[in-house]
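S.K.: Just dropping this structure here.
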Amino acid sequence: MPTKVQCLRRRHGRLTQRIRQTGHTRDLNALRERHSLMLTTQRRHREMDGHGMEATATSGPQTAPQVTSSAQRVWLDRITIGAIGVIVVLVTIPHVERLARRDNEMDAMRTLRMLALQPAAPGTDARTHSLAQMVGSDRLLARRLEDVEWMNDGRLRRHGYLFDIARSADGSAVLRAWPVEAGVTGRAAFLWSPMSGLRGHDNAALAWSGDRAPSMEDARGEGWVPLPKARK
């Protein structure tokens, strides 16, 4: 029969084994809990990352069209403004040119009236006189026509018009004015004589134009109309 000591040793051994088994079980349970916690944490992170990607994928395509749409609106606005500017220029330039031609015509009539303040005497051969001599002999008139250009042949050029002095059929002096470039610097032509005063011609055929002096035959043709005196 086993002795008492042997029985105690067996009990001690069984207790020690149970204690060890219990410790291993606790450690294993702790490891399982930690592993489960890690899996749960990883699963939550993946879910959060998945939501973030879905949000990015959902919001991305919406943002890009907004940027593209804004850029398109900016370019459309610029194109519209540019088109309006072109239309304004196309409409304005012809109007400005007409006003410039009209101003030159008005200046030509005023210049003839100023030159007429000192006309050549009736019967004087106009070929022996020039507008330069006429204007040069009157200091006041010369100052009023200080922006005039003197031509080598005695003619004057001022504000898109040429001026000269010619002789009519009866021998009297006639002051003439016509555009340097008909249709561009002006269109109408003008005459002044002591007997008829100031007359104008529409010059629709643009016959009076350029450096070539017009013929006095044209001055005796039809289409010349008297012009009213300037208002004081």
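A short reminder: the numbers here are calculations on the coordinates, not readings from a lab. Keep in mind that this is a model prediction, so the values were computed, not measured. Here the Cβ is made from the backbone with ideal geometry for all residues, glycine too, and neighbour counts use every protein chain on show.
S.K.: Counting each pair of different Cα atoms once, what's the Kirkwood radius of the range 96-226 in Å, rounded to one decimal?
M.R.: So the Kirkwood estimate lands at 14.6 Å.
S.K.: Taking R0 as 22 Å, what's the FRET efficiency between Val225 and Met114 from their Cβ-Cβ distance, rounded to 0.05?
M.R.: Efficiency computed from Cβ-Cβ geometry: 0.55.
S.K.: Using θ = phi - 60° and the Karplus curve 6.51 cos²θ - 1.76 cosθ + 1.60, what whole-Hz ³J(HN,Hα) does each residue of the range 156-164 get, with Gly and Pro shown as x?
M.R.: In residue order, the calculated couplings are 10, 10, 8, 6, x, 10, 9, 10, 8 Hz.
S.K.: Evaluate the distance, in nm, between pseudo-label points positioned 7 Å from the Cα of Met216 and of Met151 along their respective Cα→Cβ axes.
M.R.: 1.7 nm
S.K.: Related question: Within a 10 angstrom radius of the beta carbon, how do Trp75, Trp224, Trp178 rank from fewest other beta carbons to most?
M.R.: With the sparsest Cβ surroundings first, the list reads Trp75, Trp224, Trp178.
S.K.: Ok, one more. What is the sum of charges, Lys and Arg at +1 and Asp and Glu at -1, for the other residues whose Cβ falls under 10 Å from the Cβ of Ala188?
M.R.: Charge balance near Ala188 sits at +1.
S.K.: Starting from the 7 Å offset along Cα-to-Cβ, what nm value, one decimal, do you get for the label separation of Thr41 and Leu141?
M.R.: In this crude spin-label approximation the distance works out to 11.2 nm.
S.K.: With a sphere of radius 11 Å drawn around the Cβ of Ala213, what net charge do the other residues whose Cβ falls strictly inside it have (Lys, Arg +1; Asp, Glu -1)?
M.R.: Counting the neighbours of Ala213, the net charge comes to -1.
S.K.: Please arrange Val184, Val74 by counting, for each residue, the other beta carbons lying within 10 Å of its beta carbon, fewest first.
M.R.: Ordered from fewest to most neighbouring Cβ atoms within 10 Å, Val184, Val74 come out as Val74, Val184.
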